[in-house]
Amino acid sequence: MFCSDKDVIGKMNDVDSIVTFAKENKVDFVVLGPELPIEAGVADALRYRGIRCVGPRKVAGQLETSKSFTRDLVAKYDIPGNPKFKIEIRYSREPEVQNIRKDGQHKRVHGRT
């Protein structure tokens, strides 16, 4: 959540609410952090609307918010110090199996995941 001295305004990744608050309250300068608003692109949106901001753009923020992005980048340019790693992405096409009790017996029911 982000706050003013009066109220809680909204979630830190709600870009539109943050920009609206900054414009309505004539905010001159924003110091951005932690990672959630950076990952959401708040700095980009603020700068686009002419509000000065300390914090990385969304694309540069990936270095902080995505370990896989950073490790791939370090590996690509052969930068020393990168630990051995493996990125595994699993997308299940198998239907979810649930056990539902019916008439005193367990029945296997398939549903989509």
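Here's how it looks for CYS53: its modeled amide H is under 5 Å from those of VAL30, which are all 5 or more places away or on a different chain. Summing Lys and Arg as +1 and Asp and Glu as -1 over all other residues whose Cβ lies under 15 Å from the Cβ of ARG52 gives a net charge of +3. Other residues whose C-beta falls under 10 angstrom from the C-beta of VAL30 contribute a net charge of +1, scoring Lys and Arg +1 and Asp and Glu -1.
Only the coordinates and a few stated rules stand behind these numbers; no lab work does. Nothing here was measured: the structure is a model prediction, and the numbers come from that model. With ideal geometry, Cβ positions are generated from the backbone for all residues, glycine too; neighbour counts draw on all protein chains shown.
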